[in-house]
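Quick notes on the structure that follows.
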Amino acid sequence: MPDKSLSELPAATGPFAETDYFYVVVGGNSRRTSFSEIGGATGPTGPTGPTGPSGGPTGATGPTGVTGPTGPTGPSGPAGGPTGATGPTGATGPTGASGPAGGPTGATGPTGATGPTGTSGANGATGATGPTGATGPVSNGINPQTGTTYSLVLSDASKIVTMNNGSSNVLSIPPHASVNLDTGSVINVVQIGAGVTTIDADTGVTLNGVSGGSGAISARYQGCTLLQTAANTWVASGAIGTVA
């Protein structure tokens, strides 16, 4: 190796301490020497130079790697202990006080006006005519009497006999053998005068509707009806005496 001066040697990478050793080759011969013999003592460290510019921009984030497989599920933990017994039900609390009563009932409102009367419905059909009633007795006139006594005769059937006397008077019903009036005969007797008129059945004749076969018309201008229901049997009805 040819000889070289120190200035021709490549720069060594430092820093070096004074105690560091190097091998120097001169004329094909090498020897061990210290750093202090070559460069002298190291001077004090100079001030730190300014920081250089930062490097280039951060590179793009790489793609996310594939997700690894899910690990196996660990064993289940031990089951819990048995459920404890249900505790006793607590005592029922006291009932709260009743709320205040509502206000008084309001007054009844006025009655609304009556609505209009609806239209009348149609008249119903006329019912069938009922049967004709039996023909009543026909009066053949009036037989006026003014005496105090009178006995019925055959022509009095279906007549009105009036008794007009100021004193008491008597109308007699004769037996069928004497006056043969038909069964069903009707004779009306009216008291016209102030004297009381008495209806009396002769011997052998029964007069029902009065007491003892005789009865008095109750007042002036009142009357009674005599109906023969059988031979020698009559019924008196109307304003006459006590009913037997």
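What whole-number value in Å² describes the accessible area per residue of the range 132-234 for a 1.4 Å probe?
Spelled out: the 1.4 Å probe surface of the range 132-234, per residue, equals 48 Å².
For Thr148 and Ala231 in one chain, what is 0.36 nm times their gap in residues minus the Cα-Cα distance, to one decimal in nm?
27.2 nm
The values are calculated or read from the model by the stated rules, or taken from the named source; none is laboratory data. Just so it is clear, the model here is predicted, and its values are computed rather than measured. Protein only, heavy atoms only, side chains kept; ligands, DNA and RNA dropped before computing areas. Shrake-Rupley method; radii C 1.70, N 1.55, O 1.52, S 1.80 Å.
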